[in-house]
Amino acid sequence: MNQPQAMPAAARRILLGVSGGIAAYKTAELVRLFKKAGAEVRVVMTPDASRFVTPLTLGTLSENEVFIEIFPENESGSWTKHVALGLWADLFIVAPATAQTVSKLANGACDSMLTAVALTARCPLLVCPAMDHDMYIHAATKQNLETLKSRGVHVMDAEHGSLASGLIGQGRLPAPASIFERALAMLAERASERPGPWKGKKVLVTAGPTREAIDPVRYVSNHSTGTMGYEIARSAARRGADVVLVSGPTALQTPEHVRRVDVVSTKNMYDAVMQHRDADIVIMVAAVADFTPASPTTSKIKKTDASLELRLEPTIDILASFGAQKGENQLLVGFALETDNGLENAQSKLKRKHLDWIVLNNPNEAGAGFGTGTNRVTLIGKDGTTVDLPKMSKDEVSEAILEHLELP
Ligand code: CTP
C-alpha cells in the first residue's frame, strides 16, 4: 500500500489495545499507518505488552499518553479513564490479541486497562489474534473466539507462516497494512451509519470570547480560547446533528460537519444566535463579555489624552434572553464559570436563565477552565440531578456532557 487511504471524517478515533506477544512490535507500524491517514490514535497496553514494545514508542507515534493500569500511579488521579476511552473510540482494535487476552475478552475479565475498556467501549471491536500455532488451534481458544464472534466482535484470522517458537503454522499477526484496511472498512461502515442518535436534530453552540470595542484598536475581552465550545460542537456533529457554531474570535479550526458563524461582539453573537432560535438543542459555552464600553470612539484614543476613564455598561445576556422565550421542546444548556460558591451560583443561574442543564466549572481549579486541554465539570439538571465528572481532556468532557443530556 503506497498511499494510505483517508479516514472517514465522522469516524476516525482509533483505540488500539496491545497485548503481550512478540507481534506487539508490529503495532508501531500500525499506529504510524493510522496517523498518516489522519486518524486520532490512543493506545492501551497490557502490562506484558510493554515488555515487547515500549509505551514510549507507541506514545510518541500516537502522540498520546499510553495507559496500562486502571488505577493511576498517583492514587488521587482519575481512575475512570477506561470509561472515557471506551466512549471516545470509534473503533477498538486489539492487536495482537494473545491467547490469554482472547480468553479474558471472551469471559469479561477486567484486570487491566485493556480488558476494562473492552467492557465499556460502545464502538465495534476488531480482535486480531496472534500466538503459537498449538495455542491458536486449541479447543479453548477456538471456543473463546467463537464466543467473541457470536457477540458481534470482528475477528481477523491469524496468518500462516514461521512463528516465534520456531514452528511453522497458523498464528501470525496479519500484516499491519491488512489490519489497517480491515479497520478502514469497519470505520466506513460506521461512518455511513453516522446519522447517530442526534440525526435530524439542529444543535446551536456558542463558543469563544466576545470583544467589546473601546476604540478602533482596543477592546475589552477575556482569556477564553473557545476549545470547550468547539469540542461540544464536534461531539454533537459526531452524533449526526446539524450543528451551527456561533464563535467569537478564536485560533481554532472548524470541526468537521459544523457550520460556523464568526462574530466579534456580544451584540453580534446575540443576533447570530437569534437567527437560529429554531434549534432543538442549544448549548451556550461562550465566555461572553459582561460589560461593554458605554461610548466607544471611532477615533483612536491618544495616550496624551490625559486620564482615561472607561465607563462600562452591561451587555445583553444571550442565554437569559433565549431562556425567556424558549419553546417547550427545546433543550437549553448553559455553562457557569464560578470561582466561589460554585454550586449555589450555578443553581441560581440555572433557574434565572430557565435552563435544563448547567455545566459548572472553576477557572481556579488545576486543569480546568481557560487555556487548558482538560476540564473538570459538574453537571446540574433542573430536576436537581448533580453529576460530578472527573478531570478529562476537553473532548472527553464534551462527549460525557452530551451523554447526559436528555433529548427533547
Ligand atoms: N452568557 C450569555 N450572555 C452573556 C453572559 C453569559 O449568553 N452576556 C452565558 C454564557 O455563555 C454561559 C452562561 O451565560 O453559558 C453563564 O455565564 P457566566 O459568565 O458564568 O455567568 P454570568 O451570567 O455572566 O454571571 P456572572 O459573570 O455574574 O457569574
query = So, of the residues in the range 251-269 that are more than 26 Å from the chain's Cα centre (by Cα) and assigned to a helix (DSSP H, G or I), which turns out to be farthest from the ligand (Cβ to nearest atom)?
reply = Asn268
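Conditions (1) assigned by TED's automatic domain parsing to the domain that holds Ser19; (2) among the small types (Gly, Ala, Ser); (3) over 20 Å from Ala164 (Cβ atoms); (4) touching a Lys or Arg at 6+ places or on another chain (Cβ under 7 Å), marked per residue:
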| residue | (1), (2), (3), (4) |
| --- | --- |
| Cys110 | yes, no, yes, no |
| Val117 | yes, no, yes, no |
| Leu126 | yes, no, yes, yes |
| Asp132 | yes, no, no, no |
ask   = With respect to the numbered conditions (1) within 30 Å of His404 (Cβ to Cβ); (2) at pLDDT 95 or above, which one is the sole condition not fulfilled by Leu85?
value = (2)
key: Matching entry among Ala294, Ala272, Ala289 (being more than 11 Å from the ligand (Cβ to nearest atom), crowded, with 17+ Cβ neighbours inside 10 Å and in the same structural domain as Phe335 (by TED's automatic domain parsing))   = Ala272
ask   = Can you name every residue in the range 110-159 that is of a type in the set (S, T, N, Q) and in a helix (DSSP H, G or I)?
value = Thr115, Thr120, Thr141, Gln143, Asn144, Thr147, Ser150
inquiry  = Residue under question is Ala213, and the condition is that it be surrounded by 21 or more Cβ atoms within 10 Å (Cβ to Cβ) and among the small types (Gly, Ala, Ser); does it hold?
reply    = no
query = Being modelled with pLDDT under 95, surrounded by 19 or more Cβ atoms within 10 Å (Cβ to Cβ), within 21 Å of Lys149 (Cβ to Cβ) and among the charged types (D, E, K, R), is that true of even one residue in the range 100-118?
reply = no
ask   = Only one of (1) free of Cβ contacts under 8 Å to residues at least 60 places away in the same chain; (2) under 24 Å from Ile358 (Cβ atoms); (3) under 20 Å from the mean Cα position of the chain (by Cα); (4) away from the ligand (no atom under 13 Å from the Cβ) is not met by Gly229, so which one is it?
value = (4)
message = Checking Ala346 against (1) small (Gly, Ala, Ser); (2) within 18 Å of Gly226 (Cα to Cα); (3) not in a loop (DSSP other than H, G, I, E, B): exactly one of these is not met. Which one?
response = (2)
key: Qualifying position, being surrounded by fewer than 24 Cβ atoms within 10 Å (Cβ to Cβ) and either assigned by TED's automatic domain parsing to the domain that holds Gly373 or out of contact with any strand residue (DSSP E or B) (no Cβ under 8 Å at 6 or more places or on another chain) (or both), among Phe71, Phe67   = Phe71
ask   = Any residue at all in the range 385-405 that is of a type in the set (A, V, I, L, M, F, W, C), crowded, with 17+ Cβ neighbours inside 10 Å, over 16 Å from the mean Cα position of the chain (by Cα) and at pLDDT 85 or above?
value = no
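Of everything in the range 297-336, what is small (Gly, Ala, Ser), within 16 Å of the ligand (Cβ to nearest atom) and either assigned to a loop (DSSP other than H, G, I, E, B) or crowded, with 17+ Cβ neighbours inside 10 Å (or both)? Give them in sequence order.
Gly323, Gly334, Ala336
The values are calculated or read from the model by the stated rules, or taken from the named source; none is laboratory data. None of these values were measured; they are calculated from a predicted model. Backbone-built Cβ (ideal geometry, glycine too); neighbour counts: all protein chains shown.
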